[in-house]
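> Take a look at the following structure, please.
The values are calculated or read from the model by the stated rules, or taken from the named source; none is laboratory data. Treat the numbers as computed from the prediction; the structure is a model and nothing was measured. Here the Cβ is made from the backbone with ideal geometry for all residues, glycine too, and neighbour counts use every protein chain on show. These accessible areas exclude ligands, DNA and RNA; they are computed on the full protein's heavy atoms, side chains included. Shrake-Rupley method; radii C 1.70, N 1.55, O 1.52, S 1.80 Å.
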Amino acid sequence: MKKVFITEYVGLSTRLEALAMAFMISEYFGHEVCLDWRELDALHVVGAHRRGRGLLGRLNSLKLLGDASEGFDRIQNHANVNLRTHHGPRHLLRKLYLPTAQRVKLRPDLIAVIRDTFSRYENRPLVGVHIRRGDFPLISPDVFDVNAFVWPAVPDWWYEHVMRQIQQAVPNVAFFVSCSGSLDAFPNLQKNFDIFDMPAESPYTHFGAGHVSARHPAADLFALGCCDTLIGSPCSTFTHYAANMLGRPTQIFVPPAYKMFKSQPEFSKVSLHGHGAADWYAACRTGQGLETVTDAGSLQITNGAFVDWM
């Protein structure tokens with residue numbers, strides 16, 4: 001049996017992005033989708049098998065890296081594929097993004113935690129917040145330029161600005177925050193806003209420093225996917241997958257795609273439900289599809305979270 005393997009070559013959300021490529025390979029060339037992830041104790045991917053490459057998986061093997069659009073037909077000549085990318089033929093992938101995401105199921109007890117936590121906020125306006133740190137470095141404390149680095153961290157002051165604008169327009173808003181590390185690293189958010197996180201501790205200690213979080217990454221990802229409005233981290237696949245692959249269409253707030261100063265913070269909104277990561281990167285880095293927000297009072301912030309899709 002031919003096989004396509006996705007190993008723990010990157011963080012969880014980017015591997016989930018790669019699933020569409022894996023199932024496309026399975027559909028076109030007959031390879032069985034095999035995953036070797038520790039998070040499969042919390043996630044089930046319908047149609048995939050939990051299996052490592054082993055020695056046999058290295059025989060007649062093709063490694064796919066970068067953009068796999070060129071030479072895609074080579075796959076049919078190999079019994080095994082080591083998939084280490086989520087970039088491929090976009091015209092083929094487009095129809096598979098959402099159906100593939102719907103294959104990903106969260107463990108029932110973690111769903112129960114999400115439902116119970118959000119139930120306390122069902123009658124209040126709710127906004128999700130994803131703050132990526134770790135291997136996303138902070139280049140400057142006073143200036144943010146999304147194109148200054150491959151994976152730039154957004155300064156705290158930008159999140160505070162967006163949250164403050166929303167809070168002034170919708171005073172009883174609550175914010176669900178998913179972040180690298182823990183909420184203890186963001187005392188200003190705790191002081192100035194009604195925030196909470198998902199009470200599901202991460203059991204994973206194997207990740208590198210750039211991917212460590214106090215909270216369960218799978219629970220956080222699905223919880224963000226329940227939010228109709230999300231303040232995101234540009235270029236982060238965690239923000240992208242939660243907002244654009246899970247749940248229903250989400251409006252995402254991100255910084256503008258040009259140099260922004262602490263003295264003049266701005267934010268834009270975009271919705272890319274069902275779009276691939278390439279469109280997300282284009283929006284974040286070039287401004288493609290972004291709409292500048294000048295009046296937070298015009299925003300539609302819904303009450304509670306939408307949990308029925310899980």
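> What pairs in Lys63/Lys259; Lys2/Lys105; Lys63/Lys105; Lys2/Lys95; Lys191/Lys259 have C-alpha atoms more than 30 Å from each other? Before the final figure, lay out each step's value.
Details: Lys63/Lys259 37 Å; Lys2/Lys105 25 Å; Lys63/Lys105 27 Å; Lys2/Lys95 23 Å; Lys191/Lys259 28 Å.
Pairs exceeding the cut-off: Lys63/Lys259.
> I've got another one for you. Among (1) 34, 21, 17; (2) 47, 22, 14; (3) 57, 16, 15, which one is semi-axes √(5λ) of the Cα gyration tensor in Å computed from these coordinates?
Structure-derived value, by its label: (1).
> Next question. Given the rule -39500 (n - 2.57) for each run of at least 4 DSSP H residues, summed and divided by the residues of the chain, what is its mean residue ellipticity at 222 nm, to the nearest 500 deg cm²/dmol? List each step's numbers first, then the result.
Numbers: 9 runs with 85 residues, N = 310.
Taking each H run of at least 4 residues, the total per residue is -8000 deg cm²/dmol.
> Determine which residues of region 26-41 fall in the zone a paramagnetic label at Lys2 would reach in this model, i.e. backbone nitrogen under 16 Å from the point 7 Å along Cα→Cβ.
26-34
> Need one number: % antiparallel among DSSP beta bridges in the chain, to the nearest 5.
Numbers: 12 of 40 bridges.
Bridges in the chain are about 30 percent antiparallel.
> How large is the accessible surface per residue of region 108-298, computed with a 1.4 Å probe and reported in Å² as a whole number?
Using a 1.4 Å probe on heavy atoms only, each residue of region 108-298 averages 39 Å².
> In nm, give the distance between the simple-model label positions of Trp157 and Ala278, each being 7 Å from the Cα along the Cα-to-Cβ direction.
3.7
> What does the charge count near Ser26 come to, summing +1 for each Lys or Arg and -1 for each Asp or Glu among other residues with Cβ under 15 Å from its Cβ?
Numbers: positive: Lys2, Lys3, Arg51, Lys95, Arg103; negative: Glu27, Glu32.
Neighbour charge sum, excluding Ser26 itself: +3.
> Probe radius 1.4 Å, ligands and nucleic acids ignored: give me the carbon and sulfur share of the accessible area of the chain as a rounded percent.
Working: 6530 of 13220 Å².
That fraction is 49 percent.
> Also, quick follow-up: Taking the simple approach of a point 7 Å from Cα along Cα-to-Cβ for both Tyr28 and Leu92, what is their distance in nm?
Going by the 7 Å Cα→Cβ label model, 0.1 nm.
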